[in-house]
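Written out below as structure tokens is the structure these notes cover.
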Amino acid sequence: MGLVVLADGAAREAVGALRQAVAPAGLADPCALALVALYTLLMALPFVPGIELGLALMLLLGTEGVVAVYLATQLALLLSFLAGCCLRASGSRCLAALQARARARLPAVLHRVIAHRHLSLALALNLPGNAALGGAGGIGLIAGASGHFVLWRYGLTVALATTPLPLVMLCGAWR
């Protein structure tokens, strides 16, 4: 118990020190911009804890950072989707064989999930345990490689699915 309290105190001090170093200068600060750019690249990768990184950046950069992190998240998930589309284009025969095997083993419930793919995507991005699918970057990669999503609908679904946390942060309800 004491170790948890100590770790929490140390984490709060570290975030406070970083916030004092970066936040007062706003997002015009090259360090803040570099952090947001690094976040974008990391978020696009599968198995990177994107929500934790995004939340830390929002807390670090304040209100200006919330909007920047939200937009960076949209860009990162678009990049991972497009990377998945490239994978589909380059390995379509292999993916088609994998999809055929997967469909043969899917129970009726999963067929319904596929029928409501945009709702399933939004849920997958927000449910705990999505790290098993590769986190948000992995989910974007899978969505792009699947060929079941049109770019603009994917983007709209992702934008809506990732909106609640930034809204909570902007409203100050997290305090």
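Laboratory data are not the source of any read-out in this text; all were calculated from the coordinates shown. As the structure is a computational prediction, the values presented were derived from the model and not from experiment. Ideal geometry is used to build each Cβ from the backbone, glycine not excepted, and the neighbour counts take in all protein chains shown.
7 Å from Cα along Cα→Cβ at both A37 and T63: what's the point-to-point distance in nm?
Here the modelled spin labels are 2.7 nm apart.
Using 0.36 nm per residue of separation minus the Cα-Cα distance, give me the extension gain between D29 and A89 in nm, one decimal.
Extra length available between D29 and A89 comes to 17.7 nm.
Kindly state, to the nearest 0.05, the FRET efficiency for E52 paired with L82, given R0 = 25 Å and r defined as their beta-carbon distance.
Calculated value: 0.55.
How much length would be gained if the chain were fully extended between L119 and V168, taking 0.36 nm per residue of separation minus their Cα-Cα distance, in nm to one decimal?
Separation in residues times 0.36 nm, less the Cα-Cα distance, equals 15.5 nm.
Separation between the L160 and S146 pseudo-spin-labels, each 7 Å from Cα along Cα→Cβ, expressed in nm?
It works out to 1.6 nm between the two label points.
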